[in-house]
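Okay, structure first, notes after.
Please treat every number below as a calculation from the coordinates, not as lab data. Note that the structure is a prediction, hence the values are computed from the model and not measured. FYI the Cβ positions are ideal-geometry reconstructions off the backbone, even for glycines, and counts take in every protein chain you see.
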Amino acid sequence: MFNNEESSEVRKRILKEAQILFIKNGYKGTSVRDIAKASGTNVAMVNYYFQSKYNLFEIIFEDALDIFTKRIFETIHSDLPFFELIEMWIHTYYELLFEYPQIAAFILNEVSLNPEGLTQRIKKRNPYGSFSKIEERIEEEIKKGTIRETPAADFLLNILSMCMFPFMFSNLAMTLMEIPSNIYSELIANHEKYVIQFTINALKPCENELKTEKATL
């Protein structure tokens, strides 16, 4: 039998190797036997510490989601000027997804296997306060005339989809474009700048809208 210190190290090793395998092969493409082999343990030990592959997956996913939501919500609640906030918000998505690529993979897996479970996971982290905050900021900017009429829900969906999609479907994108992962990473790093500029430009009133506003004053 392991002592407490050895047990803790074995558990950490299993978690680390499972995370790597889930990212590389996906949930379905990873077996308990694969995890046991990679971590230098055996199937019985993996089951002893985590009971099942799904329980192991849940622990890794929950840790990643905690990091992800905390950083995103902190950014949204900051007092940065609005366009700086948008830039930092998008940058935070890209920074986190480069650092924790398993988040995108795990979310995609949950959308496919357990959408209700994913909804509950996000709900328990209370996203409503952050949604209300960005809605308030948008309304303030609309009143000041710095941005056009923009529904907060649509805006949030646009940010989420533009930031998450390149990471969720990276394997498909690399296959279709016939490029290796290092080239794709460079492409995504440059794509962040495009998403920031695209988002800010889409928010700003066009010239005709500004002329109409001036004419009504």
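Structural remarks
- Cross-link pairs beyond the 30 Å C-alpha cut-off, checked among K12/K124; K124/K193; K143/K193; K24/K133; K16/K133: K124/K193; K24/K133; K16/K133
- Value of [θ]222 nm, deg cm²/dmol, for the chain, DSSP H segments ≥ 4, -39500 (n - 2.57) each, nearest 500: -26500 deg cm²/dmol
- Distance from the range 124-139 to the range 1-68 (C-alpha centre basis), Å: 35
- For the pair L157 and R13, a Förster radius of 41 Å applied to the C-beta separation gives a FRET efficiency near 0.55, rounded to the nearest 0.05.
- Mean separation of Cα pairs under 8 Å and 6 or more residues apart, divided by the residue count, gives the chain a relative contact order of 18 percent.
- Between M164 and L80, the modelled labels are 2.0 nm apart [label points 7 Å from Cα along Cα→Cβ].
- Peptides ranked, highest mean first, by Cβ atoms within 10 Å: ranges 136-142, 14-20, 110-116: 14-20, 136-142, 110-116
- Given (i) 21.4, 81; (ii) 16.2, 48; (iii) 20.0, 65, the label whose value is Rg and Dmax of the Cα atoms in Å derived from this model: (i)
- You can think of it this way: the chain between R125 and E149 has 5.8 nm of extra reach, that is 0.36 nm per residue less the Cα-Cα gap.
- Highest to lowest packing among 29-37, 88-96, 184-192, scored as the average C-beta count within 10 Å: 88-96, 29-37, 184-192
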